[in-house]
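Read the structure below first, then the notes.
Just so it is clear, none of the values below were taken in a lab; they were calculated from the coordinates. Bear in mind that the values here come from a model prediction, so they are computed numbers and not experimental data. Neighbour counts are summed over all protein chains in view; Cβ atoms, including those assigned to glycine, are modelled from backbone coordinates with ideal geometry.
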Amino acid sequence: MKAKSGDFVLPGDFLGVSEEFVPAEGAYDDDGDIKAMVVGMVSRDDKNKRIFVVPEAGSPPILKKNTTILGQIMEVRGQRALVKIHAIKDNPRKLVVSFVGGIHVSQAQKGYLAKLTDAFHIGDIIEARITKVVGLDNIDLKTSQKDLGVVKAMCTRCRHFMDQTDKNEVTCPNCDQKEKRKISMNYQV
């Protein structure tokens with residue numbers, strides 16, 4: 001039974017099928033079934049074939065396009081860096097579940113970047129902006145603007161946090177290791 005506008009739903013509740021609707025804000029596609037991502041009220045746009053869940057007041061924040069997040073680099077391989085999303089910037093409420101996003105090499109910085117490891121390393125704390133959310137496990141991020149990127153770099157040799165020494169360079173105060181990063185203008189000393 002598909003949900004009607006005004007129905008109260010909980011996360012994971014069935015809303016409809018992907019043959020009839022496109023999931024919009026507060027909803028996601030789970031192998032053809034569209035489900036609620038948050039607690040709230042269903043809103044259907046039958047003309048455009050979209051289905052939303054309007055979050056209830058005071059509910060936890062949800063991830064959506066153009067939201068700035070704080071996260072930590074979990075893995076850097078080939079063309080993509082994986083980021084564990086910890087919080088939404090300037091939002092005191094915690095995320096209900098853990099999310100993982102990805103930064104493609106083309107979205108890391110403006111201009112050409114030969115290796116993604118010239119921008120990020122495992123353990124770095126970053127600010128990134130969401131460019132696309134598809135379900136719970138497909139979140140695309142970018143760090144190409146000046147206010148986005150690494151806000152705290154971790155030394156690959158001794159795991160201490162590093163100091164910024166140049167526009168795109170950090171140095172470890174513990175072991176004097178120098179490394180490249182895509183540094184945010186909000187880098188923390």
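Among the listed pairs 110/146; 142/180; 49/94, those whose Cα-Cα separation exceeds 21 Å are 49/94. Exposed loop sites were defined as GluC sites (Glu not before Pro) in DSSP loop states (anything but H, G, I, E or B) carrying at most 15 other C-beta atoms within 10 Å; in the chain the longest segment without such a site runs 57-189. Taking the three principal axes of the alpha carbon atoms in segment 8-55, the coordinate ranges are 23, 22, 13 Å, sorted in descending order. Using the alpha-carbon positions of segment 79-139, Rg (one decimal) and Dmax (whole number) come out as 12.5, 37 Å.
For segment 85-149, the list of trypsin sites (Lys or Arg not before Pro) that fall in a loop by DSSP and count at most 16 other C-beta atoms within 10 angstrom reads 89, 93, 94, 110, 115, 146. When only Cα pairs below 8 angstrom with a gap of at least 6 residues are kept, segment 84-158 shows a relative contact order of 31 percent.
As an equivalent ellipsoid, the chain spans semi-axes of 38, 16, 13 angstrom, where each value is the square root of five times an eigenvalue of the C-alpha gyration tensor, largest first.
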